[in-house]
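**Q** To start, I am sharing the structure in question, which I have written as structure tokens.
The values are calculated or read from the model by the stated rules, or taken from the named source; none is laboratory data. All of these numbers come straight from a predicted model, not from anything done at the bench. Here the Cβ positions follow ideal geometry from the backbone for every residue, glycine too, while neighbour counts run over all protein chains shown.
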Amino acid sequence: MALLEVLTFPNPFLKTRCRPVEQFNESLLQLAQDMADTMYDAPGIGLAATQVGSDLRFFIMDIQYDKEEPESKKKPLFFANPQIIETKGEIMMEEGCLSIPEFKAEVKRSDWVKVQYQDAKGNPQVLEASGLTAVCIQHELDHLNGVLFIDYLSPLRRKMIQTRLKKLARG
Ligand code: NI
């Protein structure tokens, strides 16, 4: 098990627009595995490549695993080159992010999405998702375009978060 360093706001790498995954090889699988270890350890429900300093266009997520629940099984989902091809409705949900520690805010997203992507073997897949799964997909896909959920907030609130994170970093 390898834990990776998760970059935190305002690290400029988080603004990276990722390039498509073209090679579904061992090193990609290893990175995805290390990202899963990191995500479960945090714990978090999703992690995008940009957050660990990679510019490959993929993320992983697992919204059902519960660290405190002994029966709970880890089933990380892998999404490479994801594209949302259809959306429905609206939902407001409180979001957090491993790159923005100790901060949560409500964000408006689509309540339902149809996403086209490639799995860890490179096979094309389509998933229809709603609620938390849909929100998580949109949040992680944003990361691959260099967008953070706080980008939907006012500039003043973003500034406040930045100040607070600097204080946290200083300890
Ligand atoms: Ni995030």
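**Q** Return the pair list, or none, for Cβ contacts closer than 7 Å from residues in the stretch 17-33 that are touching a residue at least 40 places away in the same chain (Cβ under 8 Å) and within 14 Å of Ala48 (Cα to Cα) to residues that are surrounded by 16 or more Cβ atoms within 10 Å (Cβ to Cβ) and among the hydroxyl-bearing types (Ser, Thr, Tyr), at least 6 apart or on different chains.
**A** Qualifying pairs under 7 Å: Cys18/Thr50.
**Q** If you don't mind, there's one more thing I want to ask. Looking only at the stretch 96-114, filter to residues that are buried (at least 21 other Cβ atoms within 10 Å of the Cβ) and within 22 Å of Thr8 (Cα to Cα); which one of those is farthest from the ligand (Cβ to nearest atom)? If you could, list the steps in order and put the result at the bottom.
**A** Restricting attention to the stretch 96-114, the residues satisfying the condition of being buried (at least 21 other Cβ atoms within 10 Å of the Cβ) are 97, 99-100, 109, 113.
Imposing the further condition that a residue be within 22 Å of Thr8 (Cα to Cα) reduces the set to 97, 99-100.
Working: Cys97: 3, Ser99: 5, Ile100: 7 Å.
By that ranking, first place goes to Ile100.
**Q** Test of understanding: among Leu3, Leu29, which residue is at pLDDT 95 or above, farther than 21 Å from Val135 by Cα and in a helix (DSSP H, G or I)?
**A** Working: Leu3 fails: in a helix (DSSP H, G or I).
Exactly one residue qualifies, and that residue is Leu29.
**Q** Scanning the stretch 73-97 for residues that are part of a loop (DSSP other than H, G, I, E, B) and under 16 Å from Leu132 (Cβ atoms), which turns out nearest to the chain's Cα centre (by Cα)? Lay out the reasoning, then the answer.
**A** Within the stretch 73-97, the first condition is being part of a loop (DSSP other than H, G, I, E, B), and the residues that meet it are 73-76, 89-90.
Pick out the ones that are also under 16 Å from Leu132 (Cβ atoms) and you get 75-76, 89-90.
Numbers: Lys75: 15, Pro76: 12, Gly89: 21, Glu90: 20 Å.
Restricting to residues being part of a loop (DSSP other than H, G, I, E, B) and under 16 Å from Leu132 (Cβ atoms), the top hit is Pro76.
**Q** Inside the stretch 42-67, can you point out the residues that are within 14 Å of the ligand (Cβ to nearest atom) and among the aliphatic types (A, V, I, L, M)?
**A** If the condition is that a residue be within 14 Å of the ligand (Cβ to nearest atom) and among the aliphatic types (A, V, I, L, M), then Ala42, Ile45, Leu47, Ala48, Ala49, Val52, Ile60, Met61, Ile63 are the ones that fit.
**Q** Please list, ordered by first then second residue, the pairs with beta carbon atoms under 6 Å, 6 or more apart or interchain, first in the stretch 60-73 and among the small types (Gly, Ala, Ser), second exposed (fewer than 14 other Cβ atoms within 10 Å of the Cβ).
**A** Here the result reads Ser72/Asp66, each pair linking the stretch 60-73 to a residue that is exposed (fewer than 14 other Cβ atoms within 10 Å of the Cβ).
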